[in-house]
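The values are calculated or read from the model by the stated rules, or taken from the named source; none is laboratory data. These numbers were taken from a predicted model, which means no experiment stands behind them. Backbone-built Cβ (ideal geometry, glycine too); neighbour counts: all protein chains shown.
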Amino acid sequence: MYQGREAVSGPVAEICERIWLSIAEKRLRPGAHLKEEELSEIFDLSRARVRQALSLLESDGLVTILPNRGAFVAQPTIEEARDVFLFRKQLEARVIERVVERITEDGIRQLEAHLAEERAAHDRGDTSAAVQLAGGFHLVLADLAGSDFLASMVRILVSRSTLITSMYRVRHLNNCAPEDHEGLINAIRARAPGPAQAAMREHIDHVEAELDLGEATPVARDLRQALG
């Protein structure tokens with residue numbers, strides 16, 4: 001589901017999730033105009049509900065709202081993209097450190113169950129589920145760290161990473177590989193903070209290395225088609 005920092009449910013959550021997933025799957029590109037009236041028709045909801053959803057997406061850096069112009073899918077710069085991945089490496093290294101210190105057997109089983117879902121989604125070619133589960137793995141880790149602050153920051157950066165990979169990834173969207181997550185679980189199970197942190201940094205480096213952080217030329221697609 002939508003991985004933003006705000007806990008939402010109902011129709012607003014559906015709008016957020018559909019827009020987020022359309023971005024993640026490259027069906028809705030950075031710079032696309034998110035017209036309130038059209039979104040209201042697509043979701044059969046009031047424009048007030050649409051505005052609420054767009055405001056939440058803006059708070060997570062996925063949408064830019066311009067006065068007198070409307071809402072657009074955000075377009076992170078190359079420098080912003082590099083900053084996000086730099087902060088993710090630092091932040092998630094701390095998350096891993098805390099997880100290794102406090103993980104229980106139940107926590108390890110939770111990670112393994114999530115990984116099994118990821119593998120199943122990849123095996124059946126379910127791109128939507130694979131995208132959501134890949135980001136969700138990092139959210140599970142953040143929750144297991146036992147820090148609301150760290151968890152909220154990871155949610156923000158995972159959401160922004162989704163937008164960045166949509167904009168700058170040159171190959172077919174694959175996001176985090178289940179094999180990388182398996183390596184992280186093995187290091188956590190061994191209660192080895194150093195190797196676990198190194199595995200996390202290497203994992204995020206791998207995702208960043210698949211980005212083309214040169215000149216980007218995003219093209220906005222038809223809104224109704226992208227959200228269909």
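Tabulated results
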read-out	value
From Q75, Q110, residue being in contact with a Pro (Cβ under 6 Å, 6 or more places away or on another chain) and either assigned to a helix (DSSP H, G or I) or under 17 Å from S161 (Cβ atoms) (or both)	Q75
Sole residue being surrounded by 22 or more Cβ atoms within 10 Å (Cβ to Cβ), modelled with pLDDT of 95 or more and either of a type outside the set (F, W, Y) or closer than 20 Å to D212 by Cβ (or both), chosen from A113, A142	A142
First in segment 119-133 and in the same structural domain as R169 (by TED's automatic domain parsing) and of a type in the set (K, R), second anywhere and buried (at least 17 other Cβ atoms within 10 Å of the Cβ) and modelled with pLDDT of 85 or more, Cβ under 7 Å, 6 or more apart	R119/P178
Selection from segment 123-139 of residues that are part of a helix (DSSP H, G or I) and surrounded by fewer than 19 Cβ atoms within 10 Å (Cβ to Cβ)	D123, T127, S128, A129, G136, L139
Tally of residues being farther than 18 Å from I65 by Cα and modelled with pLDDT of 90 or more across segment 19-45	5
Conditions (1) in contact with a His (Cβ under 9 Å, 6 or more places away or on another chain); (2) on the phi < 0 side of the Ramachandran plot; (3) not β-branched (V, I, T): number failed by E41	(1)
All positions within segment 90-107 that are over 25 Å from I164 (Cα atoms) and surrounded by 15 or more Cβ atoms within 10 Å (Cβ to Cβ)	E97, R98, V99, V100, I103, G107
Scope segment 53-74; condition crowded, with 17+ Cβ neighbours inside 10 Å and touching a residue at least 12 places away in the same chain (Cβ under 8 Å); matching residues	A53, L54, L56, L57, D60, G61, L62, V63, A71, F72, V73, A74
In segment 14-31, the residues that are in a loop (DSSP other than H, G, I, E, B) and farther than 13 Å from T165 by Cα	G31
Residues satisfying the stated conditions in segment 165-190, i.e. at pLDDT 80 or above, of a type in the set (A, V, I, L, M, F, W, C) and either surrounded by fewer than 17 Cβ atoms within 10 Å (Cβ to Cβ) or touching a Phe, Trp or Tyr at 6+ places or on another chain (Cβ under 8 Å) (or both)	A190
All positions within segment 140-160 that are assigned to a helix (DSSP H, G or I), of a type in the set (A, V, I, L, M) and out of contact with any His (no Cβ under 7 Å at 6 or more places or on another chain)	L141, A142, L144, L150, A151, M153, I156, L157
